[in-house]
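Colleague: Can you keep this structure in mind? I'll have questions shortly.
The values are calculated or read from the model by the stated rules, or taken from the named source; none is laboratory data. It should be emphasised that the depicted structure is a prediction, and the values quoted were computed from it without experimental measurement. FYI the Cβ positions are ideal-geometry reconstructions off the backbone, even for glycines, and counts take in every protein chain you see.
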Amino acid sequence: MSQAKRETVRLMSYTPEWAETGALVKRELLSVLGNRAIEIAHVGSTAIPGMKARPIIDIAVGVRSFEHIPELYGELAVLGYNHRGDTNSDSQIFLTALKNRYNVYIHIVIHGKTLWNSYVVFCDCLKKDAETRQKYEQLKISLATRFAFDRRSYTAGKSEFVRRTLRLKGDIKERSCGAVVWRKRGGRRHYLIIQNRSGHNGFPKGHMEYGESEAQTALREIREETSLEVTLDTSFRAEYRYLVDGYIHKSALYFLASYTDGNFKPQKGEVYGIWLLPYEEALEQLDYEQDRRILRQAEKRLADAEAKSKK
Ligand code: ATP
């Protein structure tokens, strides 16, 4: 197929063959991925009965982690699924196939994280809401006319609609767990502050993986982000909520954690810096008031416990 041909945008009327192909692909992927796939979903316009679409079968595969997926590329290739690279700054593994004469795009993403949620929740919004479905179809028809030979502009035109729909109708929830990590140094309590990928200073924390308990997530994230083995105190729980990108309702839960020895090391690509600071300095470094509130609570809790133990 020539490059120019591949870039054209042509909408086709719905056919049940799309759902049949989606089901076939799900079965085949499951036979290779087994329980590494938490959930596999046919997403995108070809998953919406009655909707006009570019005849591409989009399949989202939600996995716990990407760790062992590359080992399966050989087996997937035997079934016709070819690895094309990683996209969205490494948060998606992309494969393609041709099944029942249809192009199939496989998006392997972390289950429960933003990309998984956007694929699945947007699709649910279209399935549930006739008005959104009609508006989306109208938009696609007008974009396909305007950008018949410019697939990129066609796709960009849809993105704003997807974001607005997720903001107004989606109910995307994400949860992260971590801890306020501390240790005594020179007789004073010091706290671990990390600068994470998005550039703000906070505490170690991260996405709660499918099947994990809150404490397991906190311990794993602290180990991954800092290399430290800590002792968790789950009797301290502090939680807050915030909105990411205007539509992801995120909650973060923090325990207390302490360690006595070991050196911290920032996780490559995820953590830009780690500092162990006395209380007042740690407080100054934090970017968000919610984090400062949690650090005050942690300091009070530890100071009270220390005073009590001296009595
Ligand atoms: P995680 O470490 O939980 O996997 P992440 O690294 O994907 O998460 P967040 O720390 O949730 O990302 O940051 C996503 C966005 O939310 C960033 O723009 C960040 O600045 C912002 N953000 C983080 N914490 C807060 C907060 N307490 N209040 C408001 N905005 C926040």
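Colleague: Quick one: is Ala298 more than 11 Å from the ligand (Cβ to nearest atom), surrounded by 18 or more Cβ atoms within 10 Å (Cβ to Cβ) and part of a helix (DSSP H, G or I)? Talk me through it step by step, then tell me what you get.
Modeller: Numbers: more than 11 Å from the ligand (Cβ to nearest atom): yes; surrounded by 18 or more Cβ atoms within 10 Å (Cβ to Cβ): yes; part of a helix (DSSP H, G or I): yes.
Spelling it out, Ala298 is indeed more than 11 Å from the ligand (Cβ to nearest atom), surrounded by 18 or more Cβ atoms within 10 Å (Cβ to Cβ) and part of a helix (DSSP H, G or I).
Colleague: Which one of these does Arg223 not meet: (1) within 15 Å of the ligand (Cβ to nearest atom); (2) closer than 30 Å to Ile40 by Cβ; (3) modelled with pLDDT of 95 or more; (4) touching a strand residue (DSSP E or B) at 6+ places or on another chain (Cβ under 9 Å)?
Modeller: (4)
Colleague: Residue check, Gly157 against (1) closer than 16 Å to Ser45 by Cβ; (2) within 16 Å of the ligand (Cβ to nearest atom), all met but one. Which one?
Modeller: The failed condition is (2).
Colleague: Let me ask something additional. Quick check on Gln285: is it within 18 Å of the chain's Cα centre (by Cα), surrounded by 12 or more Cβ atoms within 10 Å (Cβ to Cβ) and within 16 Å of the ligand (Cβ to nearest atom)?
Modeller: Working: within 18 Å of the chain's Cα centre (by Cα): no; surrounded by 12 or more Cβ atoms within 10 Å (Cβ to Cβ): yes; within 16 Å of the ligand (Cβ to nearest atom): yes.
No, not satisfied.
Colleague: Taking the stretch 77-89, which residues are touching a residue at least 12 places away in the same chain (Cβ under 8 Å) and surrounded by fewer than 20 Cβ atoms within 10 Å (Cβ to Cβ)? Give the steps one after another, and end with the answer.
Modeller: Looking only at the stretch 77-89, we keep the residues that are touching a residue at least 12 places away in the same chain (Cβ under 8 Å), and these are 79-84, 88.
Result: Leu79, Gly80, Asn82, His83, Arg84, Asn88.
Colleague: Being assigned to a loop (DSSP other than H, G, I, E, B) and of a type in the set (S, T, N, Q) is the filter here; which residues of the stretch 221-264 pass it? Before the answer, list the steps.
Modeller: Just the residues of the stretch 221-264 that are assigned to a loop (DSSP other than H, G, I, E, B), to begin with: 227-230, 245-247, 259-264.
Hits for the stretch 221-264 are Ser227, Thr260, Asn263.
Colleague: Would you point out the residue of the stretch 201-220, among those that are assigned to a helix (DSSP H, G or I) and within 14 Å of the ligand (Cβ to nearest atom), that is farthest from Leu276 (Cα to Cα)? Step through it out loud before you land on a result.
Modeller: Of the stretch 201-220, the ones assigned to a helix (DSSP H, G or I) are 214-220.
Still in the running and within 14 Å of the ligand (Cβ to nearest atom): 214, 217-218, 220.
Values: Glu214: 24, Thr217: 22, Ala218: 18, Arg220: 19 Å.
For the stretch 201-220, the residue satisfying everything is Glu214.
Colleague: Which ones in the stretch 262-279 are surrounded by 15 or more Cβ atoms within 10 Å (Cβ to Cβ) and within 16 Å of the ligand (Cβ to nearest atom)?
Modeller: Pro266, Gln267, Val271, Ile274
Colleague: Could you figure out which of (1) surrounded by 15 or more Cβ atoms within 10 Å (Cβ to Cβ); (2) modelled with pLDDT under 95; (3) within 19 Å of Asp287 (Cα to Cα) isn't true of Ile194?
Modeller: Ile194 satisfies every listed condition except (2).
Colleague: Give me the pairs: first residue in the stretch 106-119 and within 20 Å of Tyr81 (Cα to Cα), second residue of a type in the set (D, E, K, R) and surrounded by 21 or more Cβ atoms within 10 Å (Cβ to Cβ), beta-carbon distance under 7 Å, and six or more apart or on different chains, which are they?
Modeller: His107/Asp58
Colleague: I've got another one for you. I need the full set of residues from the stretch 47-68 which are buried (at least 19 other Cβ atoms within 10 Å of the Cβ), touching a strand residue (DSSP E or B) at 6+ places or on another chain (Cβ under 8 Å) and of a type in the set (A, V, I, L, M), in order please.
Modeller: Selection gives Ala47, Ala53, Ile57, Ile59, Ala60, Val61, Val63.
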